[in-house]
Amino acid sequence: MTRAASPPPQVLMEKKLFIKTYGCQMNAYDSARMADLMAPFGYAAAESPEGADLVILNTCHIREKAAEKTFSELGTIRRLKRARERQGGRMIVAVAGCVAQAEGAEILERAPYVDLVFGPQTYHRLPEMVARALLAAGEQVLDTSFPAEPKFDYLPETSAAPGISAFLTVQEGCDRFCTFCVVPYTRGAEYSRPAAEIIAEARRLAASGAREITLLGQNVNAYHGTSPGGGEWGLGELIGALAGIPGIARLRYTTSHPKDVDDRLIAAHRDVPALMPFLHLPVQSGSDRVLRAMNRRHTADQYSRTVERLRRARPDLALSSDFIVGFPGESDADFDATLALSRDIGFAQAFSFKYSPRPGTPAASAANQVPEPVKAERLAVLQALLHDGQRLFNEASVGCVLPVLFEKPGRHEGQLVGRSPYLQSVHAEAGVERIGEIVPVTIRAALPNSLAGAIVAQSPAVAEHRA
Ligand code: SAM
Ligand code: SF4
């Protein structure tokens, strides 16, 4: 495997790196890897962009006004860059992520003080790009290519402590081309990392203290990587292998496409206790007509049947989802079908968005766009229903004992915060020595965004079990 070149010793003086991350967990993972790439060159993470040597905006293009938000943020960064120069310093400004991929040279033109623009598939070249910008003052570097070689081969091993709950990208890009979505254009074609590479990274995370790993991918259950034996594994087999790593108590994965839930993945939900009983499975709409126009390739009924099969495999499974309201051509009847599906399934949690035309995607040029006020009204109705569902789900936890994986100190002295199997944030009184343990907690109250509980008296750490 090829590795990034070692830094020359003379550049090893402490420098400040500030990364602002927008959007999904995959961007958070990428930002962490960019920090890993720059660490050997003396760049240490900074809390703010003031006085930084390198500022990276890791952008997201999935919804509304992403580009405008980036340019407005760049305005602020420009002032800081000028201030740095007045003090005789230098600040390299980089725009990364999906806005960079989509807007490319436009960013360099509109914001000439930006030094680097690169997409999600080329950030492994970051040290080289920074070196070029530093050597040739004023040279702007643009790299939004889709290299044939996967960037993962060039990334260094993670250096920073991952925390109790870590992310691990197993799959990237997407070949599904839903008509509303920019991902296939900004992240490129679907790519699955070889299983052996993922297992090695998971072992390193476990050795550095991670107890929970969330497997990431734009369409994570499309995973089809080379198995250690040279065959092919789906996500189900990969999860089975990762569950055997000592120290890893919990596994999750996100984000999935309903059409890519296969038998092996359902079997993993049945057979792998470490796979948490909480699944984010975006449905987008409950109307077959809209689903067809979105190119989702499944019906509302097929979605419900997939959920039934998952629930048969893992009866305590709770579901989360994504919805888009006001997709072009969505009628009142279509929207009612979405409300009906949400009621039928009973989501424990959900994200819902107004449709936002993304330049270059097929739906953006559809003639039958839904007016903004209609979108806003539908969103409010759907969100009220989904919030009710979430409240009921959380209230049903009161009185139950849930195994909580403590992650960090809470806001109040003597308190820890952790997660239930259903990803609910739970706080309870506990000493810091219990961080990293899975502890039975009696839930006493359901608050708007979290649960409050008390550790079951005299309880030792528990092995994860079905709640
Ligand atoms: N791969 C996932 C799937 O198949 O559902 C979704 C990944 S996407 C990064 C996250 C969510 O953003 C989507 O599920 C969708 O609800 C929302 N989204 C994507 N494009 C959108 C658009 N143009 N307008 C509004 N919401 C959008
Ligand atoms: Fe986008 Fe998900 Fe559809 Fe792929 S499957 S195009 S990531 S919404």
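The values are calculated or read from the model by the stated rules, or taken from the named source; none is laboratory data. Given the structure is predicted, the values throughout are model-derived calculations rather than measurements. So basically every Cβ, Gly included, is an ideal-geometry build from the backbone, and we count neighbours across all protein chains shown. Protein only, heavy atoms only, side chains kept; ligands, DNA and RNA dropped before computing areas. Shrake-Rupley method; radii C 1.70, N 1.55, O 1.52, S 1.80 Å.
Annotations
- Qualifying residue in region 239-261 (condition: farther than 30 Å from R204 by Cβ, away from ligand 2 (no atom under 16 Å from the Cβ) and of a type outside the set (F, W, Y)): no
- The requirement of being open to solvent by 20 Å² or more (accessible area, probe 1.4 Å) and touching a strand residue (DSSP E or B) at 6+ places or on another chain (Cβ under 8 Å) is not satisfied by G436.
- Residues of region 192-220 satisfying the condition of being farther than 25 Å from L405 by Cα, modelled with pLDDT of 95 or more and surrounded by 20 or more Cβ atoms within 10 Å (Cβ to Cβ): S192, R193, A195, N219
- Some residue of region 125-144 being touching a Ser or Thr at 6+ places or on another chain (Cβ under 8 Å) and either open to solvent by 10 Å² or more (accessible area, probe 1.4 Å) or within 16 Å of ligand 1 (Cβ to nearest atom) (or both): yes
- Inspection of region 164-175 identifies at least one residue that is hydrophobic (A, V, I, L, M, F, W, C), open to solvent by 10 Å² or more (accessible area, probe 1.4 Å) and over 30 Å from L405 (Cα atoms).
- Inspection of region 100-115 identifies no residue that is buried (at least 18 other Cβ atoms within 10 Å of the Cβ), over 16 Å from L57 (Cβ atoms) and at pLDDT 90 or above.
- Residue count for region 18-57, restricted to those that are under 30 Å from H280 (Cα atoms) and not acidic (D, E): 18
- Flag if E149 is among the charged types (D, E, K, R), surrounded by fewer than 17 Cβ atoms within 10 Å (Cβ to Cβ), closer than 20 Å to S227 by Cα and more than 16 Å from ligand 2 (Cβ to nearest atom): yes
- Region 317-368, subset of a type in the set (S, T, Y) and within 14 Å of ligand 2 (Cβ to nearest atom), residue farthest from G286 (Cα to Cα): T361
- Whenever a residue of region 331-349 is in contact (Cβ under 8 Å) with a residue 40 or more places away in the chain, its partners that are acidic (D, E), lying with C-beta atoms within less than 8 angstrom and at least six residues away or across chains, give the pairs A337/D288.
- Enumeration of residues in region 194-246 that are hydroxyl-bearing (S, T, Y) and within 23 Å of S420 (Cα to Cα): S208, T214
- If you go through region 433-462 and keep only what is assigned to a loop (DSSP other than H, G, I, E, B) and farther than 30 Å from L386 by Cα, you end up with I435, G436, E437, V456, A457, Q458, S459, P460, A461, V462.
- Meets criteria (open to solvent by 40 Å² or more (accessible area, probe 1.4 Å), outside any strand (DSSP E or B), more than 16 Å from ligand 1 (Cβ to nearest atom) and touching a residue at least 40 places away in the same chain (Cβ under 8 Å)) for P40: yes
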